[in-house]
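J.: One structure is given below, represented as structure tokens, and several questions about it will come after.
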Amino acid sequence: MKWRFEPGHSAAEFCARHMMVTWVRGSFKNVEGEIEFDPQRPEDLKVEARIDARTCWTGEPNRDEHLRSADFLHCESFPSIRFASTTVAQIGPVDYEVGGELTIRAVTRPVLLAVRYLGSWQTPWWEDGVDRGPKERAGFTATTSIDRYDFGVAWNGVLPDGGIVVSRRVEIVLDVEGIRCDPAAGSEEG
């Protein structure tokens, strides 16, 4: 079964330590991608995802501009963050370890995602004020942790006693709502 990310209901969130004492959280909305997943054949799971790095948002405009600059994501030259799965292992009834290649700033590194399948449901599908459903939707969540320096995102400032302004480790959470696609026609089922 193929599922297309529903961008309005899929997001990537990140969290990094700031000034050694607190956390800064942010998000990217309108994450796009596709998942091949059949709960009866989970070993065949495949995923590709694309994030528009320019949508980085933390709620503080000056910080958001800094994160989009060459010091961090360098969105002018590298507007997309991408992930493509390469391996999958089922570790529980609805839990998987999905290995893949993450690309940030044109640097590709392997990462391991802890993925949970949240189930699927027949739902309405509203277009122009009319319910044209039902559509089958499925939910997935994934977490990982990366060292941003591995991707060339290495700006930092030094604090007294060996501290740094922004942590190297970044925690990532992905929430995906997938719409089932009709494999014969390549469009959404309805």
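Any read-out appearing in this document is the output of simple, stated calculations on the displayed coordinates, not a laboratory observation. Small disclaimer: the values here were computed from a predicted structure and weren't measured. Ideal geometry is used to build each Cβ from the backbone, glycine not excepted, and the neighbour counts take in all protein chains shown.
J.: What are the ³J(HN,Hα) couplings of the range 84-91, residue after residue, when phi is run through the Karplus curve with 6.51, -1.76, 1.60 and θ = phi - 60°? Round to Hz, x for glycine and proline.
T.: Whole-Hz 3J(HN,Hα) from phi for the range 84-91: 9, 6, 10, 9, 8, 9, 7, 10.
J.: So which aspartates and glutamates can Lys2 reach, going by Cα to Cα under 13 Å and dropping same-chain residues fewer than 8 places off?
T.: The qualifying aspartates and glutamates are Glu34, Glu36, Asp38, Asp44, Glu48, Glu136, Glu177, Asp182, Glu188, Glu189.
J.: Among Ile164, Ile146, Ile51, Ile81, which comes first, second and so on when ranked by fewest other beta-carbon atoms within 10 Å?
T.: Working: Ile164 14, Ile146 18, Ile51 24, Ile81 21.
In order of increasing Cβ crowding within 10 Å: Ile164, Ile146, Ile81, Ile51.
J.: Here is a further query. Rounded if a/c is under 1.5, else prolate if a/b beats b/c, else oblate: with a ≥ b ≥ c from the C-alpha gyration tensor eigenvalues square-rooted, which is the range 42-143?
T.: The shape class here is oblate.
J.: What does the charge count near Glu65 come to, summing +1 for each Lys or Arg and -1 for each Asp or Glu among other residues with Cβ under 12 Å from its Cβ?
T.: Details: positive: Arg54, Arg63, Arg68; negative: Glu60, Asp64, Asp71, Glu76.
Summing Lys and Arg as +1 and Asp and Glu as -1 gives -1.
J.: Using helices alone, I'd like the mean residue ellipticity at 222 nm for the chain: each DSSP H run of four-plus residues gives -39500 (n - 2.57), total over residue count, nearest 500. All intermediate terms of the calculation are to be shown ahead of the outcome.
T.: Numbers: 1 runs with 8 residues, N = 190.
Value at 222 nm, helices only: -1000 deg cm²/dmol.
J.: All other residues with a Cβ under 12 Å from the Cβ of Val153 taken together, and with Lys, Arg as +1 and Asp, Glu as -1, what is their net charge? Could you put the intermediate results ahead of the total?
T.: Numbers: positive: Arg68, Arg105, Arg109, Arg148, Arg168, Arg169; negative: Asp71, Asp147, Asp150.
Here the count lands on +3.
J.: I would also like to ask the following. Only Cα pairs under 8 Å and at least 6 apart count here; give the relative contact order of the chain as a rounded whole percent. Don't jump to the answer; show the numbers that get you there.
T.: Numbers: 464 pairs, mean separation 45.2, N = 190.
Relative contact order comes out at 24 percent.
J.: Convert each backbone phi in the range 16-31 into a coupling constant with the Karplus relation 6.51 cos²θ - 1.76 cosθ + 1.60 (shift: θ = phi - 60°), then list the ³J(HN,Hα) values in order as whole Hz, x for Gly and Pro.
T.: Each residue's phi maps through the Karplus curve to give 9, 6, 10, 6, 6, 10, 9, 10, 10, 10, x, 8, 10, 9, 6, 5 Hz.
J.: Give me the distance in nm between label points sitting 7 Å out from Cα along the Cα-to-Cβ direction at Asp71 and Asp38, one decimal.
T.: 5.0
J.: What ranking do Trp155, Trp126 get, fewest neighbouring Cβ atoms within 10 angstrom at the top?
T.: Details: Trp155 15, Trp126 11.
Exposure proxy ranking, most exposed first: Trp126, Trp155.
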